[in-house]
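S.K.: Take a look at the following structure, please.
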């Protein structure tokens, strides 16, 4: 008779618990030193080992060789507890035994009776948070002073629903979601023992779909095996087809379209997913995971612990990370998280997803308000000096030189600076470009490229002077200017008292009607409040 993988490979020893090593060690030491408690609460998500650990504790206490931290698995108590049919280990489903009458009949009225055969009478109460208030009250006295031969283990996925009076009488162990890498290792071991031919990347996909639950991942592996042909190598494509997952290539394609600001391509890809019947919320979560990986790759590079990817996947993520700045990736993740929340309550999740992705496409075009104001001030100064003249219609005035980009009317140094920025943009050096955009002055001499920041933006000096960034800037400068230039970064002395806008200032700025109109019109956000420079009028 066929036995499901999740049941067949359920851990039978503390050493086999996956992802809960600290809890296993604590319980083993408690048994080894005869310091176990009379009542436990095992709390945590589904499928992470709560009931399994309760059975292991029961085996350790009732084993013929025990109490022992390493039960023999051969004696009648061990075998019967593993099979869920031991007379002295009662597993109670609180969902169907919620009332006080059930508690009295099944638990309280049997306490006076000693164990039928084993050393302890153990009650395992699953989903204990579903017990009624009166049922909990009936258990209070027993939990505080149970008979010496009785032990309680209560499991719950919602610890906050268990009364404080119960919690105070129990030792509480909080089970965590199991890391994807550990689930993958366990699935690989099962596949080897079962003789299943499956690729490592396919195992990782199944583990990821389990979302931290080993039991769920094992059930998904069973589902994939039912879908695949006997003896067939189970590849990524087989797993994606069996579980309805989104392929890595699709995720990469959507991120590529976002990087290239191609909104129409993004919408076409969503249409393709819709036609395939894919879960849009699941896709949004996968995309969030991908942008998290891009951010990690951007910050730390090739790190196997933080990025458990195959060589091919790692190369793709590292390459795509170069198309975004760190700021863009952080904001993209924020938008995706907001989109996923909106999809929960949307009558048409697909539409909410499309709106969120289109927002991502246009993220780079959103500029800080201070940059826009400075650009307008610069344009106003050039118009006042005659560099640009305009007629009421907005076109160049009669006899005037047509409007030209700054590089055409500025000094040769200014022209070289614009070409330098354009080359950095083409190379995808958005972090460097963002820092240069915030510089107060950029000067090119015969031998140096001098960048000046105000004291309030001194942090960008460290960005530019990072060895890799400095090397990239000097290489681009050599290409643009035709000579070697040494990068120099200096901080302008701050002649005004150092003040940091407080919450009151932030509130006043948010309430300003002009600022509110700007934010509403351009769908922006207030990220930073910069005090007006000395000698310049206040914008308000």
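The values are calculated or read from the model by the stated rules, or taken from the named source; none is laboratory data. Because the structure is a prediction, the values reported are computed rather than measured. Positions of Cβ are generated from backbone atoms using ideal geometry, with glycine treated the same way; all protein chains shown enter the neighbour counts.
S.K.: Among the residues in the range 82-94, are any under 26 Å from residue 166 (Cβ atoms), buried (at least 20 other Cβ atoms within 10 Å of the Cβ) and within 39 Å of the chain's Cα centre (by Cα)?
M.R.: yes
S.K.: While we're here: Working only within the range 315-342, note down all residues that are over 19 Å from residue 363 (Cβ atoms) and touching a helix residue (DSSP H, G or I) at 6+ places or on another chain (Cβ under 8 Å). Explain how you work it out, then say what you get.
M.R.: Taking the range 315-342 and keeping what is over 19 Å from residue 363 (Cβ atoms), we get 315-319.
Within the range 315-342, 316, 317, 318 meet the criteria.
S.K.: Something else now. Scan the range 110-120 and give yes if some residue there is part of a helix (DSSP H, G or I) and modelled with pLDDT under 90, otherwise no.
M.R.: Yes, because at least one residue in the range 110-120 is part of a helix (DSSP H, G or I) and modelled with pLDDT under 90.
S.K.: To continue, here is another question. I need a count of the residues in the range 156-165 that are in contact with a helix residue (DSSP H, G or I) (Cβ under 7 Å, 6 or more places away or on another chain) and under 19 Å from residue 51 (Cα atoms). Don't jump to the end; show me each part of the working.
M.R.: Start the filter on the range 156-165 by keeping residues that are in contact with a helix residue (DSSP H, G or I) (Cβ under 7 Å, 6 or more places away or on another chain), which leaves 156, 158, 161-163, 165.
Pick out the ones that are also under 19 Å from residue 51 (Cα atoms) and you get 156, 158, 161-162.
Here the count works out to 4.
S.K.: Using the structure shown, decide if residue 198 is over 24 Å from residue 48 (Cβ atoms), buried (at least 19 other Cβ atoms within 10 Å of the Cβ) and touching a helix residue (DSSP H, G or I) at 6+ places or on another chain (Cβ under 6 Å).
M.R.: Taking the combined requirement at face value, the residue does not satisfy it.
S.K.: Those residues that are crowded, with 16+ Cβ neighbours inside 10 Å and under 18 Å from residue 421 (Cα atoms), I need them from the range 453-468; list them, please.
M.R.: Keep residues of the range 453-468 that are crowded, with 16+ Cβ neighbours inside 10 Å, which gives 453-454, 456-457, 460-461, 463-464.
If the condition is that a residue be crowded, with 16+ Cβ neighbours inside 10 Å and under 18 Å from residue 421 (Cα atoms), then 453, 460, 461, 463, 464 are the ones that fit.
S.K.: Could you check the range 439-458 and list, in sequence order, the residues that are touching a strand residue (DSSP E or B) at 6+ places or on another chain (Cβ under 7 Å), in contact (Cβ under 8 Å) with a residue 40 or more places away in the chain and part of a loop (DSSP other than H, G, I, E, B)?
M.R.: 440
S.K.: Tell me, please, whether a residue that is outside any helix (DSSP H, G or I) and assigned by TED's automatic domain parsing to the domain that holds residue 92 can be found in the range 203-214.
M.R.: no
S.K.: Do we have residue 416 as modelled with pLDDT under 85 and either over 21 Å from residue 377 (Cβ atoms) or buried (at least 17 other Cβ atoms within 10 Å of the Cβ) (or both) here?
M.R.: yes
S.K.: Just a yes or no: is a residue in the range 220-227 outside any helix (DSSP H, G or I) and either surrounded by 16 or more Cβ atoms within 10 Å (Cβ to Cβ) or at pLDDT 85 or above (or both)?
M.R.: Within the range 220-227 (the criterion being outside any helix (DSSP H, G or I) and either surrounded by 16 or more Cβ atoms within 10 Å (Cβ to Cβ) or at pLDDT 85 or above (or both)), the answer is no, since none of the residues qualifies.
S.K.: Would you be able to say whether some residue in the range 260-268 is surrounded by 17 or more Cβ atoms within 10 Å (Cβ to Cβ) and closer than 23 Å to residue 201 by Cα?
M.R.: Within the range 260-268, not a single residue is surrounded by 17 or more Cβ atoms within 10 Å (Cβ to Cβ) and closer than 23 Å to residue 201 by Cα.
S.K.: Out of (1) in the same structural domain as residue 104 (by TED's automatic domain parsing); (2) in a helix (DSSP H, G or I), the odd one out for residue 184 is which?
M.R.: Among (1) in the same structural domain as residue 104 (by TED's automatic domain parsing); (2) in a helix (DSSP H, G or I), residue 184 violates only (1).
Residues are listed down the side, and each one gets a yes or a no for (1) buried (at least 19 other Cβ atoms within 10 Å of the Cβ); (2) in a loop (DSSP other than H, G, I, E, B); (3) in contact with a helix residue (DSSP H, G or I) (Cβ under 8 Å, 6 or more places away or on another chain); (4) modelled with pLDDT of 90 or more:
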site: 2; (1), (2), (3), (4): no, yes, no, no
site: 7; (1), (2), (3), (4): no, no, no, no
site: 22; (1), (2), (3), (4): no, no, no, yes
site: 27; (1), (2), (3), (4): yes, no, yes, yes
site: 30; (1), (2), (3), (4): no, no, no, yes
site: 41; (1), (2), (3), (4): yes, no, yes, yes
site: 45; (1), (2), (3), (4): no, yes, no, yes
